[in-house]
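Chemist: The following block contains the structure, expressed as structure tokens.
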4 protein chains.
Amino acid sequence: MSQPKQTLSVAMIGTGFIAKAHSNAFRQVTHFFDVPYELGLKVLCGRNRAKLESAAAQWGWKEVSTDWQAVVARPDIDVVDIAVPNNLHALIAIAAAKAGKMVWCEKPLATSLPEAESMAQAVCEIPNLVWFNYRRIPAVVFAKRLIDEGRLGQTYHYRALYLNQSGNDPSKAATWRYQRSEAGLGAAGDLLSHSIDSALYLNGPITELTAMMHTFVPGRDVDDATFFLARYANGSVGTFEATRHGVGCRNRHAFEINGSKGMLRFNLEHMNQLEFYDAAETPSQQGMKNITVTGPDHPYSDNFWKPGHIIGYEHTFIALLGDFLKALARKESRYPDFDDAVAVQRVLDAVERSAISRGWIKL
Amino acid sequence: MSQPKQTLSVAMIGTGFIAKAHSNAFRQVTHFFDVPYELGLKVLCGRNRAKLESAAAQWGWKEVSTDWQAVVARPDIDVVDIAVPNNLHALIAIAAAKAGKMVWCEKPLATSLPEAESMAQAVCEIPNLVWFNYRRIPAVVFAKRLIDEGRLGQTYHYRALYLNQSGNDPSKAATWRYQRSEAGLGAAGDLLSHSIDSALYLNGPITELTAMMHTFVPGRDVDDATFFLARYANGSVGTFEATRHGVGCRNRHAFEINGSKGMLRFNLEHMNQLEFYDAAETPSQQGMKNITVTGPDHPYSDNFWKPGHIIGYEHTFIALLGDFLKALARKESRYPDFDDAVAVQRVLDAVERSAISRGWIKL
Amino acid sequence: MSQPKQTLSVAMIGTGFIAKAHSNAFRQVTHFFDVPYELGLKVLCGRNRAKLESAAAQWGWKEVSTDWQAVVARPDIDVVDIAVPNNLHALIAIAAAKAGKMVWCEKPLATSLPEAESMAQAVCEIPNLVWFNYRRIPAVVFAKRLIDEGRLGQTYHYRALYLNQSGNDPSKAATWRYQRSEAGLGAAGDLLSHSIDSALYLNGPITELTAMMHTFVPGRDVDDATFFLARYANGSVGTFEATRHGVGCRNRHAFEINGSKGMLRFNLEHMNQLEFYDAAETPSQQGMKNITVTGPDHPYSDNFWKPGHIIGYEHTFIALLGDFLKALARKESRYPDFDDAVAVQRVLDAVERSAISRGWIKL
Amino acid sequence: MSQPKQTLSVAMIGTGFIAKAHSNAFRQVTHFFDVPYELGLKVLCGRNRAKLESAAAQWGWKEVSTDWQAVVARPDIDVVDIAVPNNLHALIAIAAAKAGKMVWCEKPLATSLPEAESMAQAVCEIPNLVWFNYRRIPAVVFAKRLIDEGRLGQTYHYRALYLNQSGNDPSKAATWRYQRSEAGLGAAGDLLSHSIDSALYLNGPITELTAMMHTFVPGRDVDDATFFLARYANGSVGTFEATRHGVGCRNRHAFEINGSKGMLRFNLEHMNQLEFYDAAETPSQQGMKNITVTGPDHPYSDNFWKPGHIIGYEHTFIALLGDFLKALARKESRYPDFDDAVAVQRVLDAVERSAISRGWIKL
């Protein structure tokens, strides 16, 4: 902890729920990760001054502004963090990149593939990050480790679900996430994008898919539920389902992988656990094993608490940011970045096209 | 229990695992169901005389025979029960129907839709039954009751899985179930047929679907895994996945239903339980509730043991047969019968055609 | 299956719930166990003729009688099976033993230790069995195997619970089980006796204990709940709790064992499962593993169905009887027998004395 | 958030694991609770200067000191927070109280009842807090709410377990927690104290108990495991078990409560969940319900994230501190305080005496 720290001055655009998670990560990252940076919470940008001032007071942002364009251009800002509705991501990200700022952006990256590609192009020389935070859950990183060690053998199936019940809740269904003009996509952008990101991370590229999108509520112009069947480059097959009408589920981001040597299962609602079935064990002793991924020897178990002491939702942002800053210090690649997000967007684009054409699409 | 009993003399064709489950049901049904019949275990038919004699001794079959055609024609036989590979179902069922016998047949009913239709035609005047035993699991019948009472509200999603790992096990993969000539279909016939039957029972007709079939093992001529996306007549959408490469799962026949007012979840591996989320409860008290469906006031809870005393796999056959015999006595319709099985076969047929055409098929 | 079978003619005294489980076991044992016996359901004895005739018709008992003493003396009876309230066990068992019959008796064996000892004395030359059926659950026998193989290392803790809610249910609380004159003990005899039997089987002798008994309902003369703390001969320590006021639990007969190398957990409500934590695994891969004990290579997995196809409550009686008959054919010791039941009664006796003296009792 | 904030300057003594949890709470409390205070992390005290400097840099403590006595006397300190081995609590707490500081102290409060009483006496005029953090878990507070609303009816049973496996781990077993001179008690002080605090909070006073203490490891001078049976003032009965030899469990602080109208179950390893069985429901619909206590309308659900987004171990400290500061602002009583901790110590004292006398002790 003894090296001198460089301060990265951050301007964040956004004051909603996700912005709170980002503020928290900025405050907490250096408490849990040994990185040669400090984050300066310099400017908080938004449209509503009262909300801005309240949020700034709560989290210790030094300044507030309702003019993000002016802020992005300021020479005393190192990082622009984007936590606003999807349709504004590109505008801000490209402006920030042009001003030479590091760009951190919420997911989904964009409202369309071309938009995402132009954003990735804009930041290609600049350190950048997309908040696919669920990739940095200890249990998910541990799953990746087991897969890379060959513990599942040949992958047969990758099964993904992301279910919540927001679409069935009139109070939630009035937000920007239910407007095509602001969100681009509905469940597909909000939920399925996470499932796809996890799948690409854990199981590699998808080669073709056939999809269905469905809207239950008359008059709503985004998808309430999106499904697809897929084939992967590694020979496995997959199913994806994302819905905002999954009544009974608050935040069930789940996957299961069956391989020739075993099975893995994860559910965000129990995010400190990973289930592992090891088919290499003596047959009579095989069973689904529930591993609490809080150490010893688990991803991030040296960063947070100690074995048996669980972490929560917010730590996924802290871990993602901690990894990014460590990579930044080493000038290494910083996953998940805009290129990863473009890969997700490419799948979403194929999903949308397939749902319209009602046929298989090759990627 | 005091009425005089009529004896139904049964001839069963088959000596495999399923035949054992049938023999058991014949022996046990009158112990648990108050029906005006006794079942006479008259003739056991098969090809291998040693196996026949051993099975007959074990279960108390009076005679054995290697000539099913002769047996089916015997005047002292009332019921022909078919427990042989799928490709023989039609031949035997039609012959039995022609001889005026009641016909009970294992699922899937046939190896093709036309075959199934001709079988249904043949038995249309005769009491008949198809062993879709999982429809008579207490928890599944209880799910049906809750749905019929409107506890789920408008159905949004029906999600079905049937996963086992037999395809990954060389010893199992050598059986007739892995030969197109005998089985017709692979995972689709063996596993998916159960999922479809349960779905039609619980959620009603499917109107269109798009499917994928996949074979992992080179040289194998049946599907190892079959998937489809579906739309239902009631406006809900569904996903189906059946696989014999679901390593980690021995017999996971599972479904989940999300509706506007709640959620149901079932898994055959825990067949005495039904999970129910009641979204009509006070929000702070909502949660997934695990109901042990062994009474009081549950389907079949007066037939078997008492609350907290679970039943096993075999009881699903007993319950199905008990229901059939009760209906027979009342001359009522006897679900699930050949017509139900044709409905399943119609979906399987669409699945197969969709997997080939790579497009949506309307039913 | 080819050896000639000897018929054992059984007279059963009792027509209640447990008698039904016995009748079922008599009917089913030869279907699942290859033993050189057939059981003849010869005489069903009881007090109520209408109930007798109904039960006899249902299960195929050849005769009924309201005079058990006459029946026990009949030369054509080989086995006397006792399924009546506890206070009648000794009388019948001793009479049957004197008549030279094999004696099978429900648990708890007796209403007091001296009574149990005199019963064991009476049958010491005769094959005998006590229906501690939960000892023959596949998962419990598998637990025993893992323990014997040293997979738990040095045992530290044995924790036993048996919770049901019958005492809170006025309809149940009116039965003989709630009368000291007929039952001897309440929760202690009914429930705790099972926990003690399992503990002695799995963890060996108890050396000392301190107990508490409690009755919640005014005027009730048996214990509603009984607890004790114990030390075992193997150096481990244990807790026991049995209650009929465990609202929320229908039949939770559960134990947990912690040893230096791992942990086992069982709950009758999920009786096809055994949970095993193997502390010899790599630390990062340790977790509670849920093993479905339906094969392959599990106790009784060759007798019943196949992997992933669960068994129910009744199979515990079948397995116990199957084991007994196999042992009988080989003239081997037949656990659990009256001597085992005396060992349980000795602990119950110490429990009762400790609850009165409010101090530790050595065994 | 607009009122001017008063800064409370804190001096914390201790640099171990728990001190890290305290530092985090000091940093985070104002981000999640709207209180009229800010916490100044003024001085971090400890014995090892290198550790002190590292911890201070990580968490932003302004100064470090190896002389706690000098620090406690400083006029610029408002709060003394004690996070050192148990045997030092009294010395520091009493000194701090004499200096007029607010005192916050880790649990267990003391190494003996008289010590605890003298501490409580010392702070009786001063705002004080004991870090029984598990009392402020949302699920536990929600359990309290359900109980207070009468949802369990008459309480029958309170069953508490606290199991970890530290005693079986040589690396952990070398710490101060395994030395009587520093820890006072072993599992009883470390683990059982939490169970007792939760029990007193949820179920009220204990009136009598009988206990057993056991040490598995030769030469160790504290208890590895402590057990007791108890009677409560409300007529219920209870069992308690705390052990450091609970191999298979990392941090299983669990309780179950059975009442005439229902059951509650909690396990810290799944701390965002509370299980509730409502025996007032229609019998066929009764089951154990798993409630994720992250809102809506749950304790602290407005403070932390949103429904379906879980919190972790550290939030229990934040919630406890948030409640304390809110109460401080209102000059209300601040549970859990030194008086609560004395109540716990009184039970621990009885436990120890009972284990020695081998008899029941009245409280």
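Chemist: If we scan segment A:351-363, do we find a residue that is in contact with a helix residue (DSSP H, G or I) (Cβ under 8 Å, 6 or more places away or on another chain), within 14 Å of another protein chain (Cβ to nearest Cβ) and surrounded by 24 or more Cβ atoms within 10 Å (Cβ to Cβ)?
Modeler: yes
Chemist: Considering only segment D:3-20, state which residues are buried (at least 22 other Cβ atoms within 10 Å of the Cβ) and either of a type in the set (A, V, I, L, M) or part of a strand (DSSP E or B) (or both).
Modeler: If the condition is that a residue be buried (at least 22 other Cβ atoms within 10 Å of the Cβ) and either of a type in the set (A, V, I, L, M) or part of a strand (DSSP E or B) (or both), then D:10, D:11, D:12, D:13, D:19 are the ones that fit.
Chemist: Follow-up. Checking the conditions here, which among B:308, B:295, B:287, B:259 is touching a residue at least 24 places away in the same chain (Cβ under 8 Å) and of a type outside the set (A, V, I, L, M, F, W, C)?
Modeler: B:259
Chemist: Report yes if some residue within segment B:214-222 is touching a residue at least 60 places away in the same chain (Cβ under 8 Å) and in the same structural domain as residue B:193 (by TED's automatic domain parsing); otherwise report no.
Modeler: So far as segment B:214-222 goes, no, none of its residues is touching a residue at least 60 places away in the same chain (Cβ under 8 Å) and in the same structural domain as residue B:193 (by TED's automatic domain parsing).
Chemist: For residue D:343, work out the one condition from (1) more than 22 Å from the chain's Cα centre (by Cα); (2) touching a residue at least 40 places away in the same chain (Cβ under 8 Å) it doesn't fulfil.
Modeler: Failed condition: (1).
Chemist: Does residue D:341 qualify as being in contact with a Leu (Cβ under 6 Å, 6 or more places away or on another chain) and surrounded by fewer than 23 Cβ atoms within 10 Å (Cβ to Cβ)? Spell out the reasoning first.
Modeler: On the way: in contact with a Leu (Cβ under 6 Å, 6 or more places away or on another chain): yes; surrounded by fewer than 23 Cβ atoms within 10 Å (Cβ to Cβ): no.
Against the criterion (in contact with a Leu (Cβ under 6 Å, 6 or more places away or on another chain) and surrounded by fewer than 23 Cβ atoms within 10 Å (Cβ to Cβ)), residue D:341 does not qualify.
Chemist: Test of understanding: among C:219, C:189, C:184, C:167, which residue is more than 14 Å from chain D (Cβ to nearest Cβ) and at negative phi?
Modeler: On the way: C:219 fails: at negative phi; C:184 fails: at negative phi; C:167 fails: more than 14 Å from chain D (Cβ to nearest Cβ).
It is C:189.
Chemist: Can you name every residue in segment D:59-75 that is in a loop (DSSP other than H, G, I, E, B) and either of a type outside the set (D, E, K, R) or out of contact with any strand residue (DSSP E or B) (no Cβ under 8 Å at 6 or more places or on another chain) (or both)?
Modeler: Scanning segment D:59-75 gives D:60, D:61, D:66, D:75.
Chemist: Out of all the residues in segment D:224-250, which are part of a loop (DSSP other than H, G, I, E, B), touching a Lys or Arg at 6+ places or on another chain (Cβ under 9 Å) and not basic (Lys, Arg)?
Modeler: Once the filter is applied, which keeps residues that are part of a loop (DSSP other than H, G, I, E, B), touching a Lys or Arg at 6+ places or on another chain (Cβ under 9 Å) and not basic (Lys, Arg), segment D:224-250 yields D:224, D:246, D:247, D:248.
Chemist: Quick check on residue C:189: is it in a helix (DSSP H, G or I), modelled with pLDDT of 95 or more and of a type outside the set (D, E, K, R)?
Modeler: Yes; evaluated as a whole, the condition is true for this residue.
Chemist: Another one. So, in segment C:210-243, how many residues would count as being of a type outside the set (Ser, Thr, Tyr) and buried (at least 22 other Cβ atoms within 10 Å of the Cβ)? Give the derivation first.
Modeler: If we filter segment C:210-243 for residues that are of a type outside the set (Ser, Thr, Tyr), which is where we start, we get C:211-214, C:216-225, C:227-231, C:233-235, C:237-238, C:240-242.
Checking which are buried (at least 22 other Cβ atoms within 10 Å of the Cβ) leaves us with C:211-213, C:222-225, C:227-230, C:237-238, C:240-242.
Adding up the residues that qualify gives 16.
Chemist: Within segment D:15-31, how many residues are among the hydrophobic types (A, V, I, L, M, F, W, C) and facing chain A (nearest Cβ under 8 Å)?
Modeler: 2
Chemist: Any residue that is within 18 Å of residue D:112 (Cα to Cα), in contact with a Phe, Trp or Tyr (Cβ under 9 Å, 6 or more places away or on another chain) and at pLDDT 95 or above - is there at least one of those in segment D:145-160? Walk me through how you get there before you give the answer.
Modeler: If we filter segment D:145-160 for residues that are within 18 Å of residue D:112 (Cα to Cα), which is where we start, we get none.
Within segment D:145-160 (the criterion being within 18 Å of residue D:112 (Cα to Cα), in contact with a Phe, Trp or Tyr (Cβ under 9 Å, 6 or more places away or on another chain) and at pLDDT 95 or above), the answer is no, since none of the residues qualifies.
Chemist: Also, I was wondering about something else. Answer with yes or no whether residue B:307 is in a loop (DSSP other than H, G, I, E, B), under 21 Å from the mean Cα position of the chain (by Cα) and not hydroxyl-bearing (Ser, Thr, Tyr).
Modeler: Spelling it out, it is not the case that residue B:307 is in a loop (DSSP other than H, G, I, E, B), under 21 Å from the mean Cα position of the chain (by Cα) and not hydroxyl-bearing (Ser, Thr, Tyr).
Chemist: Could you check segment D:35-58 and list, in sequence order, the residues that are crowded, with 18+ Cβ neighbours inside 10 Å and assigned to a loop (DSSP other than H, G, I, E, B)?
Modeler: Passing the criteria: D:35, D:46.
Chemist: Which of the residues spanning segment B:21-34 are within 22 Å of residue C:29 (Cβ to Cβ) and assigned to a loop (DSSP other than H, G, I, E, B)?
Modeler: B:33 - this is the single residue of segment B:21-34 that is within 22 Å of residue C:29 (Cβ to Cβ) and assigned to a loop (DSSP other than H, G, I, E, B).
Chemist: Taking the condition of being at pLDDT 95 or above and of a type in the set (Lys, Arg), how many residues in segment B:201-235 meet it?
Modeler: Selection size over segment B:201-235: 1.
Chemist: Here's another thing I want to ask about it. Does segment C:251-286 hold any residues that are assigned to a loop (DSSP other than H, G, I, E, B) and buried (at least 21 other Cβ atoms within 10 Å of the Cβ), and which are they?
Modeler: Looking only at segment C:251-286, we keep the residues that are assigned to a loop (DSSP other than H, G, I, E, B), and these are C:251, C:260-261, C:271-272, C:279-282, C:286.
Within segment C:251-286, C:251, C:271, C:272, C:286 qualify.
Chemist: Hey, among B:116, B:97, B:110, which residue is surrounded by fewer than 24 Cβ atoms within 10 Å (Cβ to Cβ) and aliphatic (A, V, I, L, M)?
Modeler: Selected residue: B:97, the only one of B:116, B:97, B:110 that is surrounded by fewer than 24 Cβ atoms within 10 Å (Cβ to Cβ) and aliphatic (A, V, I, L, M).
Chemist: Okay, next question. Output the residues belonging to segment A:233-259 that are hydroxyl-bearing (Ser, Thr, Tyr) and within 17 Å of residue D:308 (Cβ to Cβ).
Modeler: A:243
Chemist: Can you spot a residue in segment A:293-302 that is touching a strand residue (DSSP E or B) at 6+ places or on another chain (Cβ under 9 Å) and either more than 9 Å from every other protein chain (Cβ to nearest Cβ) or in a strand (DSSP E or B) (or both)?
Modeler: No, segment A:293-302 contains no residue that is touching a strand residue (DSSP E or B) at 6+ places or on another chain (Cβ under 9 Å) and either more than 9 Å from every other protein chain (Cβ to nearest Cβ) or in a strand (DSSP E or B) (or both).
Chemist: Considering only segment D:311-340, state which residues are more than 7 Å from chain A (Cβ to nearest Cβ), without any contact (Cβ under 8 Å) to a residue 60 or more places away in the chain and of a type in the set (Gly, Ala, Ser).
Modeler: D:327, D:333
Chemist: Looking only at residues that are of a type in the set (Lys, Arg) and over 18 Å from the mean Cα position of the chain (by Cα) in segment B:91-143, which one is nearest to the other protein chains (Cβ to nearest Cβ)?
Modeler: Among residues in segment B:91-143 that are of a type in the set (Lys, Arg) and over 18 Å from the mean Cα position of the chain (by Cα), the one nearest to the other protein chains (Cβ to nearest Cβ) is B:101.
Chemist: Quick one: count up the residues across segment B:304-340 that are under 12 Å from residue B:135 (Cβ atoms) and among the small types (Gly, Ala, Ser).
Modeler: Counting residues in segment B:304-340 that are under 12 Å from residue B:135 (Cβ atoms) and among the small types (Gly, Ala, Ser) gives 1.
The values are calculated or read from the model by the stated rules, or taken from the named source; none is laboratory data. Worth saying up front: this structure is predicted, and the values here are computed from it rather than measured. When we count neighbours, we look across all protein chains shown, and the Cβ atoms used for this are built from the backbone with ideal geometry, even at glycine.
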